[in-house]
Amino acid sequence: MRRAIVILLASALAACSAVNDPGRHMGGPPPSGDAGGGMDAGGSPDTGPGDDDGGTTDAGDTTDAGGPRDGGGTTDAGMDAGLGPIGPVDLCDELVAMACEAKLRCCSSTMQTMEQCRIALEPGCSSALESLAVDMRTGYDPDIAREVVEEGRALAASCDTDILDWFADRDGLMRMFQGTAPAGANCTVADPGSFWSCRLPRICIPQLIGRECRPARTETEACRGDPDCDTGLFCRRPTIMLGSCELRHADGGSCMRNIQCQSLICDTRGSETCLPRTVDLYCNIRLDG
């Protein structure tokens, strides 16, 4: 699955930065989002060296939110309201509302009001996600968009840290982009609409020349970057050219990037080990790449 370029924490509301992952990757290699530090929600493909996850989480800078807070400026109305199909131009209204309600509910250290949060998140969402939703190649599905937003609301209602997976994985938030291009079709990371055009479950995978819509790489298969690997894997590259997809490390394992950790949180500025998730990840919600 494409790891989504991932939002919050993620990189989160990941990974993939939002678009690249990515982070399946919301499906295949999502445009890889920084899946650990602040939730990234999909956006533009990660084209950096080795298709890394677009950033690292500074584990030492986060504030321990301590858990869901009661009241704090948010209401339950938005979380509980039923939704209909979400059209492309309405997508960011729903996502921003969900993300801000979650931040005000779960991050005890935030000083933002709902309006300040909306102002901060709306531009990035429009640039990273609405632009994909209106691109016919991505196969945006309004009904699936409703499903995934409701899933996100349900997770945020209890400040569930699994929301990081929802943001980072291609079968989470980014599955609203079902794709239109068949197996073997050409695609490129230079154009986000093309990168996300592959019909699920295929993703935009590098070939000897260019990229094509192919299945995500499984464990031990060759890869050139993290977005090439399926959910739960990262690309270990002992050489500059090729690596292999390997299982992410448990808490306490060594890491240099968020995507190397099952928790999607690597202490990159300290111990270089995988850290457990805490509710403070809600303090870092982002909807841009």
Assertion target for Met111, Met174, ordered by fewest C-beta neighbours within 10 angstrom first, is Met111, Met174
Within a Cβ distance under 9 Å of Glu219, other residues only, what is the Lys/Arg minus Asp/Glu net charge? -2
What order do you get for Ile240, Ile259, Ile119, Ile144 when you list them from fewest to most C-beta neighbours inside 10 Å? Ile240, Ile119, Ile144, Ile259
Between Asp143 and Thr239, 0.36 nm times their residue separation minus their Cα-Cα distance comes to what? 30.3 nm
Let a ≥ b ≥ c be the square roots of the eigenvalues of the Cα gyration tensor of the range 114-230; is it rounded (a/c under 1.5), or, if not, prolate (a/b larger than b/c) or oblate? prolate
Determine ³J(HN,Hα), in whole Hz, for all residues of the range 141-156 in sequence, where each value follows from phi through the Karplus function 6.51 cos²θ - 1.76 cosθ + 1.60 and θ = phi - 60°; x replaces Gly and Pro. 10, x, 6, 5, 4, 4, 4, 6, 5, 5, 4, x, 4, 5, 5, 5
Positive-end extreme of charge dipole, the range 132-289 - chosen from His249, Ala185, Gln260 (charges on Cβ): Ala185
Label-point separation in nm, Ala250 to Asn186, each point 7 Å along Cα→Cβ: 4.7
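Readers should treat all values here as calculations from the given coordinates under stated rules, not as data from a laboratory. This structure is a prediction, so every number in the text was calculated from the model and none was measured. All Cβ positions, even for glycine, are placed from backbone atoms using ideal geometry, and neighbour counts span all protein chains on display.
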